[in-house]
Amino acid sequence: MTPRFTCAARATFTALTLACIATLGHAQQAKLKVGLMLPYSGTYTALGVAIENGFKLRVEEQGGKLGGREIEYVKVDDESDPSKATDNVNKLIKRDNVDVIVGTVHSGVAMAMAKAAKESGTILIVPNAGADAVTGPMCAPNIFRSSFTNWQPAYAMGEVAARQEKKKKAITITWKYAAGDEAVNGFKEGFEKNGGQVSKQLNVPFPNVEFQALLTEIAAAKPDAVFAFFAGGGAVKFVKDYAAAGLNKTIPLYGPGFLTDGTLDAQGDAAQGILTALHYADGLNTPRDTSFRTAYAKMFKLQPDVYAVQGYDAAQMLGIGLAAVKGDISKKAEFAAAIEKTKIDSPRGAFSISKSHNPVQDIYLRKVEGKENKMISIASKALADPARGCRM
Amino acid sequence: MELGTFLVQCLNAVQYGLLLFLVASGLTLIFGIMGVINLAHGSFYMLGAYMAFALAPLFGDQFIVMLLAGVVLAAVFGYLLEWAFFSYLYQRDHLQQVLMTYGLILMFEEVRSILVGNDVHGVKAPPWLEGSFALGDLMSYPWYRLFASAACIVLAAALYFVVNRTRLGMMIRAGGSNRDMVRGLGIDIRKLYRIVFAAGVALAALAGMIAAPMSSVYPGMGASVLIVCFVVVVIGGIGSITGALVASLLVGFVDTFGKVLFAEVSGMGIYVLMAIVLIWRPEGLMGRRA
């Protein structure tokens with residue numbers, strides 16, 4: 001063997017080894033594909049953007065990685081349209097091969113996503129849509145929620161309205177779709193268990209915002225209270241119309257927090273004094289919340305809202321699960337077990353995840369003061385959704 | 001239902017019906033006279049609402065001046081649109097018209113999204129129309145909605161007068177029933193079409209501007225109004241202004257009282273009405289028998 005040949009062999013060997021190491025390193029650091037399926041148009045646009053911001057804030061805080069893996073985003077606008085939901089979610093699962101799906105706001109769309117996730121086994125984290133069924137009859141080991149069920153804040157509001165506010169007769173009003181139905185039924189359950197009575201349930205087709213005929217009806221029936229479920233642009237419209245009809249002076253308006261969250265700038269004076277129940281509030285003043293709010297405001301030049309918190313916690317839950325399986329998302333059982341075991345250190349206050357994969361959390365009673373949904377008390381401590389119909 | 005409530009609900013129904021009429025009358029004229037199925041008609045309503053959103057802060061108190069300015073802008077826009085697109089559509093079959101005008105919807109939505117984004121906006125009613133009109137203890141009704149109804153009534157009357165009592169109206173009606181005859185009489189049918197089209201666009205945009213303070217301004221608002229307007233046109237009879245008026249009011253009442261009395265199935269009401277009318281009179285209430 002000539003020294004010259006040895007030299008060439010050594011060089012080749014070294015090059016090969018380096019190439020191998022590089023490939024190995026690459027395999028370990030393959031990016032984790034996160035499919036964000038959120039509303040980027042329509043009445044829920046602002047909500048979708050806040051969720052994405054919250055999620056990205058958490059990922060940024062962790063240096064762009066969760067569980068050691070870099071995150072790559074694939075975005076789809078779900079248009080809050082249930083009829084397009086199956087197509088959209090299948091695009092993410094089959095065409096883009098995402099590892100995790102995060103979405104969405106509209107309950108009807110989320111139901112289609114849960115079905116697709118259940119069939120394909122893809123991990124799904126729902127950062128808003130409160131459809132009871134997602135963690136009820138549809139519940140599955142790979143489906144999680146970082147938000148709430150529609151039942152939760154509405155039930156708590158019903159209890160407060162009957163017990164604390166001593167209201168006897170109430171009317172509910174909502175958009176006629178899953179989330180609306182579940183919210184008003186949750187309110188009815190909490191309200192009637194504590195001695196109140198819901199005398200009438202009004203609704204309009206989603207996303208219709210022509211409320212005049214129904215407001216006339218409310219004015220005529222003169223109930224002690226009105227419970228309304230609307231969100232986004234529809235909530236702005238409803239609260240303003242309610243005030244314009246002069247009803248806010250005579251009949252108190254209650255709602256789950258979505259009625260006034262992220263919409264107070266637009267609602268202005270019309271919203272003052274409205275009581276709502278939600279798992280998040282302004283003025284919590286905990287160190288955790290303050291640091292979250294500062295970081296969010298710095299990164300996006302915007303004040304965060306409940307949707308941002310839910311997006312942020314979706315990333316936290318994904319991070320916890322990934323850390324437990326060292327980035328190997330195919331280990332679904334360990335992934336789920338890790339999330340079920342922990343307390344999530346959320347800006348809203350620490351919460352745990354129930355067996356059906358829904359947050360068990362405090363529901364706050366809040367009052368609109370200026371441009372804030374000020375926390376006034378805890379309406380219900382560590383409230384768990386009954387998860388009716390979940391077998392897991 | 002108490003008398004006061006009943007009266008207020010009737011006012012709600014009339015107000016909604018009249019607003020629909022403004023949009024539907026343009027739709028039915030354009031279809032009845034030029035034979036063009038214009039799916040993009042709802043976009044003109046949306047255009048009006050967004051114009052109100054953009055113009056209202058500039059005009060402040062001068063709401064009526066704003067409406068007039070908006071109508072002129074919309075009519076010019078309609079005139080140009082007819083020249084650029086619709087004038088090529090008359091000789092085409094309905095499938096091509098539907099495809100083309102659907103394409104226009106997508107284009108308008110995209111332009112809107114680029115120019116003003118996808119948020120939902122509110123438009124303030126002018127200060128002099130704030131508050132409610134009260135009739136003792138019996139009822140009270142927002143001034144703005146009364147104004148909206150009044151404005152629609154004035155327009156409906158003007159439209160009726162133009163179509164039924166003027167030379168232009170005579171040509172329009174003749175154009176609707178026999179195009180070749182009108183052409184044979186030496187009337188410039190292209191010009192006539194262009195005027196009718198511009199008027200249709202202006203009416204829809206005006207409805208959008210009037211509706212803006214009542215029903216907010218949001219993406220896709222054109223599509224939802226378009227569907228209801230097609231229901232109105234089908235019920236009223238294609239090409240008939242009087243039919244459109246009667247059908248609009250019918251739809252207004254069915255929708256309003258359906259919402260209140262049959263909340264669970266309120267979304268279906270107007271379609272049931274359409275089905276009943278079609279069984280009874282397939283050509284629509286005021287349509288000509290084919």
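Tabulated results
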{"quantity": "Among the residues listed as B:Tyr144, B:Tyr218, the single one being over 18 Å from the mean Cα position of the chain (by Cα) and closer than 30 Å to B:Val116 by Cα", "calculated": "B:Tyr144"}
{"quantity": "Test result for A:Ala112, touching a Pro at 6+ places or on another chain (Cβ under 8 Å), of a type outside the set (S, T, N, Q) and free of Cβ contacts under 8 Å to residues at least 40 places away in the same chain", "calculated": "yes"}
{"quantity": "Hey, B:Leu203 more than 14 Å from every other protein chain (Cβ to nearest Cβ), aliphatic (A, V, I, L, M) and not in a helix (DSSP H, G or I) or not", "calculated": "no"}
{"quantity": "B:Arg92 vs. criteria at negative phi, in contact (Cβ under 8 Å) with a residue 40 or more places away in the chain and basic (Lys, Arg)", "calculated": "no"}
{"quantity": "Conditions (1) more than 18 Å from the chain's Cα centre (by Cα); (2) surrounded by 24 or more Cβ atoms within 10 Å (Cβ to Cβ): number failed by B:Ile64", "calculated": "(2)"}
{"quantity": "Residue under evaluation A:Asp385, criteria (1) under 20 Å from the mean Cα position of the chain (by Cα); (2) more than 25 Å from A:Ala161 (Cβ to Cβ), criterion not met", "calculated": "(2)"}
{"quantity": "Selected residue (only one of A:Ala225, A:Ala231 is closer than 19 Å to A:Thr276 by Cα, modelled with pLDDT of 95 or more and in contact with a helix residue (DSSP H, G or I) (Cβ under 8 Å, 6 or more places away or on another chain))", "calculated": "A:Ala225"}
{"quantity": "Checking B:Val196 against (1) surrounded by fewer than 22 Cβ atoms within 10 Å (Cβ to Cβ); (2) within 18 Å of B:Leu155 (Cα to Cα); (3) modelled with pLDDT under 95, the condition it does not meet", "calculated": "(1)"}
{"quantity": "Scan of region A:213-231 for residues that are facing chain B (nearest Cβ under 7 Å) and either of a type in the set (Asp, Glu) or within 20 Å of A:Asp269 (Cβ to Cβ) (or both), ordered by number", "calculated": "A:Glu217"}
{"quantity": "Residue list for region A:140-174, filter: under 14 Å from A:Met113 (Cβ atoms) and surrounded by fewer than 24 Cβ atoms within 10 Å (Cβ to Cβ)", "calculated": "A:Ala140, A:Asn142"}
{"quantity": "Any chance A:Tyr364 is within 21 Å of A:Val59 (Cβ to Cβ) and not hydrophobic (A, V, I, L, M, F, W, C)", "calculated": "no"}
{"quantity": "Pick from region A:232-243, criterion over 25 Å from the mean Cα position of the chain (by Cα) and more than 10 Å from chain B (Cβ to nearest Cβ), ranking: surrounded by the fewest Cβ atoms within 10 Å (Cβ to Cβ)", "calculated": "A:Ala243"}
{"quantity": "Region B:103-118, residues that are crowded, with 17+ Cβ neighbours inside 10 Å and at pLDDT 85 or above", "calculated": "B:Leu104, B:Ile105, B:Phe108, B:Glu109, B:Arg112"}
{"quantity": "Options A:Leu202, A:Leu124: the member that is closer than 30 Å to B:Met221 by Cβ and either buried (at least 20 other Cβ atoms within 10 Å of the Cβ) or within 14 Å of chain B (Cβ to nearest Cβ) (or both)", "calculated": "A:Leu202"}
{"quantity": "Pick from region B:140-184, criterion outside any helix (DSSP H, G or I) and either loosely packed, with under 15 Cβ neighbours inside 10 Å or touching a His at 6+ places or on another chain (Cβ under 8 Å) (or both), ranking: modelled with the highest pLDDT", "calculated": "B:Thr166"}
{"quantity": "Some residue of region A:61-72 being among the β-branched types (Val, Ile, Thr), crowded, with 20+ Cβ neighbours inside 10 Å, touching a Lys or Arg at 6+ places or on another chain (Cβ under 9 Å) and over 11 Å from A:Met37 (Cβ atoms)", "calculated": "yes"}
{"quantity": "Yes/no for B:Tyr88 being out of contact with any helix residue (DSSP H, G or I) (no Cβ under 9 Å at 6 or more places or on another chain), more than 16 Å from B:Pro213 (Cβ to Cβ), surrounded by fewer than 19 Cβ atoms within 10 Å (Cβ to Cβ) and aromatic (Phe, Trp, Tyr)", "calculated": "no"}
{"quantity": "Top-ranked residue in region A:175-198 [being modelled with pLDDT under 95 and within 14 Å of chain B (Cβ to nearest Cβ); ranked as surrounded by the fewest Cβ atoms within 10 Å (Cβ to Cβ)]", "calculated": "A:Lys176"}
{"quantity": "A:Ala112 vs. criteria closer than 23 Å to A:Ala140 by Cα, within 18 Å of the chain's Cα centre (by Cα) and not in a loop (DSSP other than H, G, I, E, B)", "calculated": "yes"}
{"quantity": "Lone unmet requirement of (1) part of a helix (DSSP H, G or I); (2) over 15 Å from the mean Cα position of the chain (by Cα); (3) more than 16 Å from B:Phe44 (Cβ to Cβ) for B:Ile187", "calculated": "(1)"}
{"quantity": "The lone exception for B:His121 - which of (1) surrounded by fewer than 15 Cβ atoms within 10 Å (Cβ to Cβ); (2) over 19 Å from B:Phe230 (Cβ atoms) it fails", "calculated": "(1)"}
{"quantity": "Answer residue from region B:216-249, given it is surrounded by fewer than 23 Cβ atoms within 10 Å (Cβ to Cβ) and among the hydroxyl-bearing types (Ser, Thr, Tyr) and is nearest to the other protein chains (Cβ to nearest Cβ) among those", "calculated": "B:Ser224"}
{"quantity": "Filter result for the condition that a residue is without any contact (Cβ under 8 Å) to a residue 40 or more places away in the chain and within 14 Å of chain A (Cβ to nearest Cβ), over B:Phe133, B:Phe161", "calculated": "B:Phe133"}
{"quantity": "Meets criteria (touching a strand residue (DSSP E or B) at 6+ places or on another chain (Cβ under 9 Å) and among the hydroxyl-bearing types (Ser, Thr, Tyr)) for A:Ser330", "calculated": "no"}
{"quantity": "Residue match in region A:106-118 (condition: farther than 17 Å from A:Ser146 by Cα and basic (Lys, Arg))", "calculated": "yes"}
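The values are calculated or read from the model by the stated rules, or taken from the named source; none is laboratory data. All of these numbers come straight from a predicted model, not from anything done at the bench. Don't worry about glycine lacking a Cβ; one is built from the backbone with ideal geometry, like all the others, and counts go over all protein chains shown.
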